[in-house]
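Each remark here refers to the structure printed beneath this line.
Computed from the coordinates by the stated procedures, all read-outs in this text should not be read as laboratory data. Values in this document were obtained by computation on a predicted structure and should not be read as measured data. Don't worry about glycine lacking a Cβ; one is built from the backbone with ideal geometry, like all the others, and counts go over all protein chains shown.
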Amino acid sequence: MSKELLQLMKLVKVSRYRECPPKKILYEMLHEIETTLHYGVYRNWEILVELLANWIVKNQDLSLGACACKPFDGLELRYADLYNHINDLDLFNAYTIAIREQPWDWIGEIFLEQELMGPGQNLTPKAIVDLMIKMTFGEEPKKLTTQLDTLMLH
C-alpha cells in the first residue's frame with residue numbers, strides 16, 4: 001500500500017475513535033497492547049493502566065489526574081514504542097474526551113468484565129453507584145463534575 005493510503009486509513013480510524021464510548025476506547029487500547037506484546041489479560045490490563053497514567057501525567061491533564069500527578073512524577077515509561085503507537089492512534093486523547101462526557105470508572109468495569117479480581121475484591125456495580133449519586137446529589141451529577149473540575153483547575 002502507498003504511504004498516502006496508509007495515512008488516510010489511520011486518519012479514518014482515529015476519527016472513528018473520537019466517537020466511541022470510553023469503555024470501547026479502553027478495549028481498543030487493550031487490543032493494541034495484546035497484539036503488540038502477546039501477554040495475558042491481567043498483564044495487558046496492568047500495562048494499560050501504566051500507559052494511561054503516563055499519558056495523563058505527561059499531558060498534565062489535571063481534571064483527570066490532579067490527585068495522582070505527584071506520586072507519578074518521573075514514572076518510568078517501560079513500553080515507549082507501544083505508548084507512542086497508542087498515542088499516534090490518538091486513543092489516549094479520545095479516552096480523556098470520552099470520559100468527560102461519560103464519567104465513570106471504566107477501567108474498573110473492564111477489570112470486572114475480564115474477571116481480574118482476586119479473592120475478597122468486590123467492586124460496586126455501576127447501577128448502584130448511579131443510584132447512590134442520584135440519591136446524594138440529585139439528578140445532575142454532570143453539573144457536580146463540572147463544578148469539581150473548575151475547583152481543581154483553580
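Before moving on, here are some points about what is shown:
- Per-peptide average of other Cβ atoms within 10 Å, ordering 86-96, 101-111 highest first: 86-96, 101-111
- With a Förster radius of 35 Å applied to the beta-carbon distance between L116 and F137, the computed FRET efficiency rounds to 0.70.
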